[in-house]
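The values are calculated or read from the model by the stated rules, or taken from the named source; none is laboratory data. Just so we're clear, the structure is a prediction, and the values are computed from it rather than from any experiment. Please note: Cβ atoms are built from the backbone with ideal geometry, for glycine as well, and neighbour counts cover all protein chains shown.
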């Protein structure tokens, strides 16, 4: 994997804030479109490889039937974004998030989608995620991150339900008690 050889831990896509950073609905729609474009390109590449290598027409038809992307399925616990056979943890940042939000953009005019290959968490030996945090004596890297966010006035929301679909964390609500938006369906 080239990103490992290049010592890269993340990829960033920048979207113009004037077009996509006015509100969470517009931004969520833009994030969905970016993810769909990337997945479609990836799936098209896989289809072309199959068409060149698969000789059995029935098996080809069967395999091709699985190479589709439907954003409505993203709300499942086992869904994770994949590109070029690499799974990614995705976060996003936009100018409409207030200073108290962990997705605050620190005055940047534009919006950002951050793609972190999940393998990079293993490479850096990060512990599994947990809803527990040692607030008074942070031990793990995750504890230290959460404490730092809290001390900065942008409390990082601990995943109370680790069984919640990952899609809810890609475009985060503006305020902690806001209803979750289904940005992937817009």
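Worth a mention:
- Residue check for residue 75: within 18 Å of residue 20 (Cα to Cα), surrounded by 10 or more Cβ atoms within 10 Å (Cβ to Cβ) and in contact with a helix residue (DSSP H, G or I) (Cβ under 6 Å, 6 or more places away or on another chain): no
- Residue-level analysis places residue 165 among those that are assigned to a loop (DSSP other than H, G, I, E, B), buried (at least 16 other Cβ atoms within 10 Å of the Cβ) and under 21 Å from the mean Cα position of the chain (by Cα).
- In summary, residue 113 fulfils each of the numbered conditions (1) touching a residue at least 24 places away in the same chain (Cβ under 8 Å); (2) farther than 30 Å from residue 53 by Cα; (3) part of a loop (DSSP other than H, G, I, E, B) with the single exception of condition (3).
- Condition check for residue 100: in contact (Cβ under 8 Å) with a residue 12 or more places away in the chain and surrounded by 15 or more Cβ atoms within 10 Å (Cβ to Cβ): no
- Just one of the listed residues (117, 95, 127) is buried (at least 18 other Cβ atoms within 10 Å of the Cβ), at pLDDT below 95 and within 30 Å of residue 176 (Cα to Cα), namely 117.
- Residues of segment 80-91 that turn out to be under 18 Å from residue 47 (Cα atoms), assigned to a loop (DSSP other than H, G, I, E, B) and touching a residue at least 12 places away in the same chain (Cβ under 8 Å), as a count: 1
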